[in-house]
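Have a look at the structure below, then the notes.
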Amino acid sequence: ARPGPVVVFSVEADAGEIRDILEKGLGARVTADGSFLVADDPCLFRLDDPDGLHKLLWWLDEVKPRLCILDPFRDFHSLDEKDSGDMIRLLRPLRAWAMENECCVMIVHHTKKREDGGAGGYDSGDIRGSSAIFGAVDALLILSPKGEQTTVRATFKRAKGWDRTITLASYDKLGTAPGESLLDLDHLVLAAHKSGATSLS
């Protein structure tokens with residue numbers, strides 16, 4: 001594992017909001033050492049604008065992040081998301097850069113609106129727009145809120161997927177410890193482990 005900076009291009013939150021989310025919501029310590037960078041004006045880095053794409057790739061080459069986040073995908077282009085050719089051309093440079101530099105590019109995207117309201121959770125077929133978007137990625141994490149908890153469904157192209165139910169620490173649940181939601185049996189096993197028990201009956 002190689003350490004490296006995280007770079008965020010977010011249209012929905014500025015640097016102060018993101019820092020607040022990290023520190024208060026996730027309990028992370030943010031230091032001024034360049035390990036976490038947020039673009040001042042993310043609109044300068046539109047993927048469908050040759051100059052914007054050039055600037056984005058230039059900064060990625062300059063900073064060499066381990067993780068680059070674009071949030072949300074819709075605000076980084078004005079193309080038809082149902083057009084597979086457009087989506088492939090839009091995402092190809094980012095995919096190539098990520099593979100060359102062994103970096104993760106995370107694109108925050110939305111699902112289609114379903115008549116059942118997403119009962120039972122969402123999967124890769126529920127991504128809004130062309131299936132070429134899913135075709136361009138190596139992995140997909142879909143978050144489906146369910147009351148106080150969120151289901152995360154992970155789909156990988158070259159590995160087995162998984163589902164987890166987690167509790168997110170967010171503004172409406174300040175003070176809540178984030179983490180995977182445990183079943184009653186999980187709590188019993190954890191309690192036994194903490195007490196030093198060597199067997200369960």
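The values are calculated or read from the model by the stated rules, or taken from the named source; none is laboratory data. These figures come from a predicted structure and were not determined experimentally. All Cβ positions, even for glycine, are placed from backbone atoms using ideal geometry, and neighbour counts span all protein chains on display. The protein model used for the area step is the full one, side chains on, heavy atoms only, and it has no ligands, DNA or RNA in it. Shrake-Rupley method; radii C 1.70, N 1.55, O 1.52, S 1.80 Å.
Out of the residues in the stretch 146-164 that are in contact with a Ser or Thr (Cβ under 7 Å, 6 or more places away or on another chain) and part of a loop (DSSP other than H, G, I, E, B), state the one that is modelled with the highest pLDDT.
Gly161
Being modelled with pLDDT under 70, open to solvent by 70 Å² or more (accessible area, probe 1.4 Å) and over 25 Å from Ile21 (Cβ atoms) narrows it down to one of Ser195, Ser131, Ser199, so name that one.
Unique residue meeting the criteria: Ser199.
One residue is enough: does the stretch 105-124 have a residue meeting the conditions open to solvent by 70 Å² or more (accessible area, probe 1.4 Å), closer than 17 Å to Val6 by Cα and under 18 Å from the mean Cα position of the chain (by Cα)?
Among the residues of the stretch 105-124, at least one is open to solvent by 70 Å² or more (accessible area, probe 1.4 Å), closer than 17 Å to Val6 by Cα and under 18 Å from the mean Cα position of the chain (by Cα), which makes the answer yes.
Give Leu168, Leu143 a once-over and let me know the one that is modelled with pLDDT of 85 or more, open to solvent by 50 Å² or more (accessible area, probe 1.4 Å) and in contact with a Ser or Thr (Cβ under 8 Å, 6 or more places away or on another chain). Reasoning before the result, please.
Values: Leu168 fails: modelled with pLDDT of 85 or more.
Among Leu168, Leu143, only Leu143 is modelled with pLDDT of 85 or more, open to solvent by 50 Å² or more (accessible area, probe 1.4 Å) and in contact with a Ser or Thr (Cβ under 8 Å, 6 or more places away or on another chain).
Given the structure, is Ala159 open to solvent by less than 80 Å² (accessible area, probe 1.4 Å) and more than 16 Å from the chain's Cα centre (by Cα)?
Details: open to solvent by less than 80 Å² (accessible area, probe 1.4 Å): yes; more than 16 Å from the chain's Cα centre (by Cα): yes.
Yes, satisfied.
Are there any pairs with C-beta distances below 7 angstrom linking a residue in the stretch 52-65 that is farther than 17 Å from Gly34 by Cβ and of a type outside the set (S, T, N, Q) to a residue that is open to solvent by 30 Å² or more (accessible area, probe 1.4 Å) and at pLDDT 95 or above, with the two at least 6 apart or on different chains, and if so which?
Taking only residues 6 or more apart or on different chains, the pairs are Gly52/Leu44; Gly52/Arg46; Leu53/Pro93; Lys55/Leu44; Leu57/Pro93.
For the stretch 84-96, indicate whether the set of residues that are in a loop (DSSP other than H, G, I, E, B) and surrounded by 15 or more Cβ atoms within 10 Å (Cβ to Cβ) is non-empty. Working first, answer last.
Within the stretch 84-96, the subset in a loop (DSSP other than H, G, I, E, B) is none.
The answer is no, given that none of the residues of the stretch 84-96 is in a loop (DSSP other than H, G, I, E, B) and surrounded by 15 or more Cβ atoms within 10 Å (Cβ to Cβ).
Is at least one residue of the stretch 84-93 free of Cβ contacts under 8 Å to residues at least 24 places away in the same chain, closer than 22 Å to Ser10 by Cα and not acidic (Asp, Glu)?
Yes: one or more hits.
Need the failing condition index for Thr176 against (1) within 30 Å of Ala28 (Cβ to Cβ); (2) at pLDDT 65 or above; (3) surrounded by 13 or more Cβ atoms within 10 Å (Cβ to Cβ); (4) not aliphatic (A, V, I, L, M), just the number.
If we test Thr176 against (1) within 30 Å of Ala28 (Cβ to Cβ); (2) at pLDDT 65 or above; (3) surrounded by 13 or more Cβ atoms within 10 Å (Cβ to Cβ); (4) not aliphatic (A, V, I, L, M), just (2) comes out false.
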